[in-house]
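Notes for the one structure printed next.
The values are calculated or read from the model by the stated rules, or taken from the named source; none is laboratory data. Treat the numbers as computed from the prediction; the structure is a model and nothing was measured. Every residue, glycine among them, receives a Cβ derived from its backbone with ideal geometry; neighbour counts consider all protein chains shown. Each accessible area value is taken on the protein alone, full model and side chains, heavy atoms only, with ligands, DNA and RNA left out. Shrake-Rupley method; radii C 1.70, N 1.55, O 1.52, S 1.80 Å.
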Amino acid sequence: MNTVSLPKCTDVAIIGAGPSGSVAAALLRQRGWQVCVLERQHFPRFSIGESLLPYCMEILEEAGLLQAVNEAGFQVKNGAAFTWGDRNTTIDFRDKFTAGPGTTFQVQRARFDQILIQEAEKMGAEVHFGHTVNNLDFTDEHATLSVSTDQNQSYTLQARFVLDASGYGRVLPRLLNLERPSAFPLREAWFTHIQDNISDPDFDREKIVIATHPRDRAIWMWLIPFSQGRCSIGVVGEPSHLAMNGRDPLVFLQDITREIPLLKRLLENAIWDTPVNPLRGYSANVTSLHGSRYALLGNAAEFLDPVFSSGVTIAMHSAKLATALVDKTLHGQTPDWEKDFVQALRVGIETFKTYVSGWYDCRFQDVIYSTQMNQDIRRMIASVLAGYAWDISNPFVEKSERRLNALAEICGEAQLDT
């Protein structure tokens, strides 16, 4: 019987092998640090969050992961199509205010995440699947992680720094009592993958579809086309608005899809061959993003909402910021985590938060569906939706709330006239 070698010490322990964990591992290996990634599940495994943003491509390239993603055959994405009743509009990420990639991919996360962590492993990261972190103790010099495996083994791992990239598992927030309620109302998503069989020649598979419900604008649906004729489809709303009332999830999702004129037409020949899954109470927040010898990445720190696919982008950007500071910490320097991690990350989070809030209170919906947006403003909005939410030269980043309010007032008045 072969004995599995268990890690004993490392420079950096990363909890979670999703996108932020893989990016962090790759960036740290580039700097020469020993990295150990602990992942509770085994890959490939299903995960939501299939629609990337173009800014992700910059980070993947910096981490040395982009070539493998480019070669994987994922569906190209160049923008977003919005639909509300008989109103249809698009935002093209290639025509934007901020320099940088204008295209990205729509991915099955099971395969995408596996590609990223395999590339990080090729770079020298030590990766362990089926390993769960149960407890941590910190000293001034290191952290000690208590870990168990799905092979009924237990061990301790000593690390000089810990990055929590555990996503919805939110390991450190739970263990260190950092969790706090989100400012957003409780919402839930119901979603599945289907064989879409879309034959409409006018349908652009290179754009995610975001559909506002014709009668209740607090409910929206997504359709994310993949390569090879499949897509992800889901609905999001507050439970009281969705009003499932005990209905079968598959029937519920099919029924509400038929209430969206565009989706009803596109998916008339779809084969619903995969069970429908729920995701409830996903928005989250924490009291602190960092502490002595640890930092929180991506969804482990804060998750806003799936509406503009910001989750993976924020996760990757947090990994980019954090690894630069971890490098300084391990070199004996004293970086300013509050300024260069928390405040720097908050720029983009608060920008996305403005537009997520504006979507649900309809200010941003009025903007999106309006014919009053000039091309310069459209380019600025396109940059935000393409993930460039940290570009403070963009007025719709630097003064996002004020700019959105002013634009929404103009567009909202125009909506009343139609």
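I'd like the carbon and sulfur percentage of the solvent accessible area for the range 1-156, probe radius 1.4 Å, heavy atoms only, ligands and nucleic acids excluded.
Numbers: 2930 of 6700 Å².
Whole-percent figure for carbon plus sulfur exposure: 44.
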In this structure, the FRET efficiency calculated for Asp340 and Ile392 from their beta-carbon separation, with R0 = 22 Å, to the nearest 0.05, is 0.90
Over the Cα atoms of the chain the radius of gyration and the largest Cα-Cα distance (Dmax), both in Å, equal 21.5, 76
A correct Kirkwood calculation over the Cα atoms of the range 275-336 returns a hydrodynamic radius in Å of 13.3
Length gained if Ser199 through Gln30 is fully extended, taking 0.36 nm per residue and subtracting the Cα-Cα distance, is 56.3 nm
Taking 149-156, 115-122 and ranking on average Cβ neighbours within 10 Å, highest first, one gets 115-122, 149-156
Largest-first ranking of Met380, Met123 by accessible area, probe 1.4 Å, whole protein assembly kept, is Met123, Met380
Set Lys122/Lys339; Lys96/Lys264; Lys207/Lys320; Lys122/Lys320; Lys96/Lys207; Lys328/Lys399, cut-off 23 Å on Cα-Cα distance; pairs above it are Lys122/Lys339; Lys96/Lys264; Lys207/Lys320; Lys328/Lys399
For the pair Gln372 and Glu61, the simple spin-label estimate (label points 7 Å beyond Cα toward Cβ) gives in nm 3.8
Summing -39500 (n - 2.57) over every DSSP H run of at least 4 in the chain, dividing by its residue total and rounding to the nearest 500, the 222 nm mean residue ellipticity is -9500 deg cm²/dmol
Sorted largest first, the C-alpha extents of the range 220-371 along its principal axes in whole angstrom are 61, 36, 32
Bridge orientation stat for the chain from DSSP, antiparallel percent rounded to 5, came to 70
Rounded to the nearest 10 Å², the 1.4 Å probe accessible area of Lys320 is 60
Once phi for every residue in the range 179-186 is put through the Karplus expression 6.51 cos²θ - 1.76 cosθ + 1.60 (θ = phi - 60°), the whole-Hz ³J(HN,Hα) values, with Gly and Pro written as x, are 6, 9, x, 6, 6, 7, x, 5
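Excluding ligands, DNA and RNA, what is the solvent-accessible area per residue of the range 316-394 at a probe of 1.4 Å, expressed in Å²? Mind showing how you got there, number by number?
Numbers: 2780 Å² over 79 residues.
About 35 Å² of surface per residue is accessible.
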Residue ranges of DSSP H helices in the chain that stretch 24 Å or more (Cα, own long axis) and have mean Kyte-Doolittle hydropathy of at least 0.0 are 311-330, 344-360
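I need the peptides 269-281, 366-378 ranked by packing, meaning the mean over residues of other C-beta atoms within 10 angstrom, with the highest value on top. It would help to have the intermediate numbers written out before the result.
Values: 269-281: 13.6, 366-378: 16.5.
Top to bottom by mean Cβ count within 10 Å: 366-378, 269-281.
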Taking the alpha-carbon centre of each part, the distance from the range 288-304 to the range 25-75 in Å is 18
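Could you give the length gained on full extension between Ile48 and Lys264, defined as 0.36 nm per residue of separation minus the Cα-Cα distance, in nm?
Numbers: separation 216, 0.36 × 216 = 77.76 nm, distance 2.29 nm.
Length difference between fully extended and current span is 75.5 nm.
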Residue span Asp137 to Gln228: 0.36 nm per residue of separation minus Cα-Cα distance leaves a gain in nm of 28.0 nm
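Starting with the highest mean, order 68-74, 105-111, 163-169, 44-50 by the number of other Cβ atoms within 10 Å, averaged over the residues of each peptide.
163-169, 105-111, 44-50, 68-74
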Here FRET efficiency (C-beta to C-beta, Arg215 to Asn152, R₀ 56 Å, nearest 0.05) is 0.60
